[in-house]
Structure formats: structure tokens, C-alpha cells
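Asker: One structure follows; several queries about it will come next.
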């Protein structure tokens, strides 16, 4: 199952890569976030931490602030506003890499907290 899913993510990535790259240059909103997530631009290294929090956007990041400050934490986000908000109170912040890069990018942690409506199969699989 996971192999099939991983194969599909690579296929989708290769099919959409040029469009995603173009979009990252055309819209300032996506200038950094798309390149960081889909091409690991300035996103190759992830700091080690005991607790990994994943929150998609600004509102979710704001709501986990109190928890993050209680632990040796790192945060991954998807949106630029979420990333900027997380940087205000946590030093270990990254954009979450796209699914196909997670097996090579994700550093192990003791606890993974996914705080959002979507679930990413590869993120959960890598945290096992």
C-alpha cells in the first residue's frame, strides 16, 4: 500500500513540477512556500526536537503556541503566513516538504502532533 502511494506521489510531482515552479515565480504569495515544499529551496535541513508539531496555516499555528513553548519542539507549516507566525515563537520551523521527499527529509521525533484537517499519509508513516 505505502509503495503504491509513494509511487503516485512521485508521479503527481513529476507531472505538476513545472506548473508549480512557474506558479512560485508568478505569485508573490507562493514565492518561498512552494519552492520550499516542492523543491526543498532553503529547506534541506530540519532541526532535531522531541516533539514535532505540524500545523497548516496561521490560525492553527497560533493555537498551538502554548503547547510548543512547553516542549523541545519543532514546527512544520504549509503556508507562508503560518511559517512567519511560527518563527515568532519557535526557532525550529520549516515548511513541510511534499510527500515524496519526506522519507529523506523527516528527522525522527518522540512525538508527532498533527494539528490540521488534512492528514498526510507519508508524514504519519515516517513518524511510526
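Asker: What's the percent breakdown of Cα-Cα distances in the chain across 5 Å bins, shortest bin first?
Answerer: Reading upward from the zero bin: 2, 11, 21, 23, 22, 13, 6, 2, 0.
Asker: Under a 10 Å cutoff between Cα atoms, tell me which one of 115, 53, 104 has the largest fluctuation in the Gaussian network model of the chain.
Answerer: Among 115, 53, 104, the largest mean-square fluctuation in the Gaussian network model of the chain belongs to 104.
Asker: Contact order normalised by length for the chain, with contacts defined as Cα pairs under 8 Å and 6 or more residues apart; what percent is it?
Answerer: Value for the chain: 27 percent.
Asker: Still on this structure, I have one more. Which value results when the Cα radius of gyration for the stretch 54-128 is divided by 2.2 N^0.38 Å?
Answerer: 1.01
Asker: Could I have the simple spin-label model distance between residue 124 and residue 69, label points 7 Å from Cα toward Cβ, reported in nm to one decimal?
Answerer: It works out to 3.1 nm between the two label points.
Asker: Okay, next question. What is the distance in Å between the Cα centres of the stretch 72-101 and the stretch 33-54?
Answerer: If you average the Cα positions of each part, the centres end up 7 Å apart.
Asker: Turning to a different aspect of this structure: Looking at the stretch 2-127, send over the antiparallel percent of its DSSP beta bridges, to the nearest 5.
Answerer: Restricted to the stretch 2-127, the bridges split so that about 0 percent are antiparallel.
Asker: At a Förster distance of 25 Å, what's the computed FRET efficiency of residue 12 paired with residue 91, Cβ-Cβ distance as r, to 0.05?
Answerer: With a Förster radius of 25 Å, E is 0.15.
Asker: Sticking with this structure for a sec: Per DSSP H run of at least 4 residues, take -39500 (n - 2.57); add these up for the chain, divide by its residues and hand me the 222 nm value, nearest 500 deg cm²/dmol.
Answerer: Working: 6 runs with 62 residues, N = 128.
Computed ellipticity for the chain at 222 nm equals -14500 deg cm²/dmol.
Asker: For a protection proxy built on the mean count of beta-carbon atoms within 10 angstrom, sort 66-79, 36-49, 90-103 highest first, please.
Answerer: Peptide ranking by packing, descending: 90-103, 66-79, 36-49.
Asker: Could you put 10, 105 in order, starting from the residue whose Cβ has the fewest other Cβ atoms within 10 Å?
Answerer: 10, 105
Where a number appears in this text, it was derived from the coordinates with a stated rule and is not lab data. In this text the structure is predicted, and so the values were computed from the model without any measurement. No Cβ is skipped: glycine too gets one built from the backbone with ideal geometry, and neighbour counts run over all protein chains shown.
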